[in-house]
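First the structure, in the form of structure tokens, and then the observations on it.
The values are calculated or read from the model by the stated rules, or taken from the named source; none is laboratory data. All values reported here derive from a predicted model rather than from experimental measurement. No Cβ is skipped: glycine too gets one built from the backbone with ideal geometry, and neighbour counts run over all protein chains shown.
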């Protein structure tokens, strides 16, 4: 017996699978001010990029992994505020600005339409 697990994967395979399951929607570099609600915590952040599946935020105060959040933001292609539930799935600590990746739990059809129009601009 060689001592390796029979189902071990090499780094390239693992990285590929991790990327596959991590993101399925294209990301768009857009700067939008966002309000984040997590329990009684309320803070603002700015997006670095956004997709139909989530957003990457730059904020002064990090959130813990797996924190359930509600994000609110406006896009010019919709009059109403977009409000969507999500979960913190990625963190990049920083001295001044922290990166926070939020995966959306799901968008309504009108928000999908408005975001797709926004991505085309």
Checklist entry - Is it the case that some residue within the range 83-104 is part of a loop (DSSP other than H, G, I, E, B) and touching a helix residue (DSSP H, G or I) at 6+ places or on another chain (Cβ under 7 Å)? => result no
Checklist entry - Does the range 77-86 contain any residue that is touching a strand residue (DSSP E or B) at 6+ places or on another chain (Cβ under 9 Å) and farther than 20 Å from residue 28 by Cβ? => result yes
Next on the checklist: Let me spell it out: the conditions are (1) closer than 27 Å to residue 121 by Cα; (2) without any contact (Cβ under 8 Å) to a residue 24 or more places away in the chain; (3) within 12 Å of the chain's Cα centre (by Cα), and residue 66 meets all of them except one. Which number is the exception?
Outcome noted: (1)
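Per-residue answers, yes or no, for (1) within 15 Å of residue 33 (Cα to Cα); (2) at pLDDT 95 or above; (3) out of contact with any strand residue (DSSP E or B) (no Cβ under 9 Å at 6 or more places or on another chain); (4) not in a loop (DSSP other than H, G, I, E, B):
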{"site": "45", "(1), (2), (3), (4)": "yes, yes, no, yes"}
{"site": "48", "(1), (2), (3), (4)": "yes, yes, no, yes"}
{"site": "58", "(1), (2), (3), (4)": "yes, yes, no, yes"}
{"site": "63", "(1), (2), (3), (4)": "no, no, no, no"}
{"site": "66", "(1), (2), (3), (4)": "no, yes, no, no"}
{"site": "69", "(1), (2), (3), (4)": "no, yes, no, yes"}
{"site": "72", "(1), (2), (3), (4)": "yes, yes, no, yes"}
Item to check | Residue count for the range 79-103, restricted to those that are in contact (Cβ under 8 Å) with a residue 40 or more places away in the chain, over 11 Å from the mean Cα position of the chain (by Cα) and either under 22 Å from residue 119 (Cβ atoms) or exposed (fewer than 15 other Cβ atoms within 10 Å of the Cβ) (or both) | outcome: 0
Item to check | So residue 114, is it closer than 17 Å to residue 29 by Cα and either free of Cβ contacts under 8 Å to residues at least 40 places away in the same chain or not in a loop (DSSP other than H, G, I, E, B) (or both) | outcome: yes
Checklist outcome for this item: Residue hits (the range 26-58; in contact (Cβ under 8 Å) with a residue 24 or more places away in the chain and more than 16 Å from residue 118 (Cα to Cα)) are 35, 36, 37, 38, 45, 56, 57, 58
Checklist entry - Is at least one residue of the range 10-25 in a loop (DSSP other than H, G, I, E, B), farther than 15 Å from residue 103 by Cβ and at pLDDT below 50? => result yes
